[in-house]
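First the structure, in the form of structure tokens, and then the observations on it.
The values are calculated or read from the model by the stated rules, or taken from the named source; none is laboratory data. Just so it is clear, the structure is predicted and the values come from calculations on it, not from any experiment. Note: ideal-geometry Cβ built from the backbone for every residue, glycine included; neighbour counts use all protein chains shown. Note: areas computed on protein heavy atoms with side chains; ligands, DNA, RNA excluded. Shrake-Rupley method; radii C 1.70, N 1.55, O 1.52, S 1.80 Å.
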Amino acid sequence: ANIDYLEQYTHQLNDIYKSFPQGQDFFIVNGADGVTSAFSGLILKPWDDRDVSQKATLKELQNKLNQMLG
């Protein structure tokens, strides 16, 4: 694998993270520990600005991530 290959798959994360209205922002770092690894996260809006808990968000996020190919 190389960084271009990794980027093809992590690019899918953009749409997944953007699908969460309770999300404020997200980040993706390709090549964090070499060209075959990535690190990413979803930053949630403050408690008062969202109706969905962190726990519920994590469950939904994990289900979507499990459906990713690659």
Restrict the check to the stretch 9-29 and report whether at least one residue is among the aliphatic types (A, V, I, L, M), within 13 Å of the chain's Cα centre (by Cα) and loosely packed, with under 14 Cβ neighbours inside 10 Å.
yes
SER40: closer than 17 Å to GLN67 by Cα, of a type outside the set (D, E, K, R) and touching a Ser or Thr at 6+ places or on another chain (Cβ under 9 Å), yes or no?
yes
Scan of the stretch 55-68 for residues that are under 16 Å from THR10 (Cα atoms), surrounded by 12 or more Cβ atoms within 10 Å (Cβ to Cβ) and either over 13 Å from the mean Cα position of the chain (by Cα) or of a type outside the set (A, V, I, L, M) (or both), ordered by number
LYS64
In the stretch 10-39, anything within 21 Å of LYS59 (Cα to Cα), of a type in the set (Ser, Thr, Tyr) and out of contact with any Phe, Trp or Tyr (no Cβ under 6 Å at 6 or more places or on another chain) is listed as THR10, SER19
Does the stretch 54-67 contain at least one residue that is among the hydroxyl-bearing types (Ser, Thr, Tyr) and either at positive phi or at pLDDT 95 or above (or both)?
yes
Residue list for the stretch 42-54, restricted to those being open to solvent by 50 Å² or more (accessible area, probe 1.4 Å) and within 21 Å of ILE28 (Cα to Cα)
ILE43, LYS45, PRO46, GLN54
